[in-house]
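Laboratory data are not the source of any read-out in this text; all were calculated from the coordinates shown. Source: prediction; values computed, not measured. Cβ: placed from backbone, ideal geometry, glycine included. Neighbour counts: every protein chain shown.
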Ligand code: PLP
């Protein structure tokens, strides 16, 4: 059985973070292991409190997992603070983990911060984590944070290149979910097996839904599942986007929570 290790925060309402990652892995029939960075008191309406795990203990969890059940791919989500980000980077290096999908989660869609020291965390993401990542999956607001500039005046395809140049990561997927066109377009750039730079667009009709809590977590984990199962990066992204689109459609009429509810994790991957 293939395995994905999720390094992320716990979302007690079950739609995002570690819980979304486990449910996504189940949909892909991949075994999930989890290193928890922070426990978040939150629901579909907001974030009410964050308890970050001691940074060295995040490392200890990753060590315990990798010593025993080797991860075929890794998803990194909410880090919580810069110290944890540093320890995660140390673990990725020490244990030589590959197929690393980094979702640079900094702020929840409801607008609440998921990082105790956002600017420092961004610095560690850029300098230590991104260079180890197979793929970074920012949405437009996250891309603006990472590049340290507003993004509303240029062709979006140029931003992934800029991030790749800054960090030397091997791939960037800029997600278009925060746009407002009829289509949700994601831009992927990556280095192929020969080191050649490739690019591809992924388009899907935008799903109008009140329920989108955890969409980014689900997508990044779905990509990690595809990589764990041996798909090449563009194929893993294509399959993951199709899964998220179906999960968004399936979740349109779910009545779970009074705010932005979860996706439907029971659709076919
Ligand atoms: N809570 C946790 C623990 C998360 O990891 C994330 C996203 O990555 C969120 C909340 C944010 O979820 P969303 O912005 O999709 O509602």
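Between residue 254 and residue 123, the contour length at 0.36 nm per residue exceeds the Cα-Cα span by 43.4 nm. With the simple model of a label 7 Å out from the Cα in the direction of the Cβ, residue 51 to residue 94 spans 2.4 nm.
Would you kindly state how much longer the chain becomes between residue 183 and residue 110 on full extension, computed as 0.36 nm times their sequence separation minus their alpha carbon distance, in nm to one decimal? Don't jump to the answer; show the numbers that get you there.
Working: separation 73, 0.36 × 73 = 26.28 nm, distance 2.25 nm.
Residue separation times 0.36 nm, minus the Cα-Cα distance, leaves 24.0 nm.
For the range 143-190, list log₁₀ I(q)/I(0) at each q in 0.14, 0.16 Å⁻¹, using the Debye formula over Cα point scatterers of equal strength and ignoring solvent, two decimals each. At q = 0.14, 0.16 Å⁻¹ the computed log10 ratios are -0.33, -0.43.
What is the Å³ per residue value for the convex hull set by the Cα atoms of the range 178-240?
Roughly 88 Å³ of hull volume per residue.
Subtracting the Cα-Cα distance of residue 147 and residue 64 from their residue separation scaled by 0.36 nm leaves 26.5 nm. With 5 Å bins from zero, work out the P(r) of the range 1-108 over every alpha carbon pair and list the percent per bin. It works out to 2, 13, 25, 26, 19, 10, 4, 1, in whole percents.
FRET efficiency for the pair residue 203 and residue 162, taken as 1/(1 + (r/R0)^6) with r the Cβ-Cβ distance and R0 = 22 Å, rounds to 0.50. According to the Kirkwood relation over distinct C-alpha pairs, the hydrodynamic radius of the chain is 18.1 Å. Taking every C-alpha pair closer than 8 Å and separated by at least 6 residues, the mean separation divided by the residue count of the range 208-269 gives a relative contact order of 44 percent.
Using the average count of surrounding beta-carbon atoms within 10 Å as a protection proxy, the listed peptides 23-32, 245-254 rank, highest first, as 23-32, 245-254. Sorting 70-80, 233-243, 108-118 by average packing, meaning the other beta carbons within 10 Å per residue, from highest down gives 70-80, 233-243, 108-118. Taking the DSSP beta bridges with both ends in the range 1-146, the antiparallel portion is around 30 percent.
Kirkwood Rh over Cα pairs of the range 117-220 into Stokes-Einstein at 37 °C, 0.692 mPa s: D in µm²/s? Mind dumping the intermediate values first?
Working: Rh = 14.4 Å.
Once the numbers are plugged in, D ends up at 227 µm²/s.
Could you work out the relative contact order of the chain? I mean the mean sequence separation of Cα pairs under 8 Å and 6+ apart, divided by the number of residues, in percent.
In percent, rounded to a whole number, it is 19.
Could you list 127, 212 so that the one with the fewest beta carbons within 10 Å of its beta carbon is first and the one with the most is last? It would help to have the intermediate numbers written out before the result.
Values: 127 14, 212 21.
So the ranking, lowest neighbour count to highest, is 127, 212.
Per the Debye formula on identical point scatterers at the alpha carbon atoms of the range 64-103, with no solvent, log10 I(q)/I(0) at q = 0.24, 0.26, 0.30 Å⁻¹ is -0.87, -0.99, -1.19.
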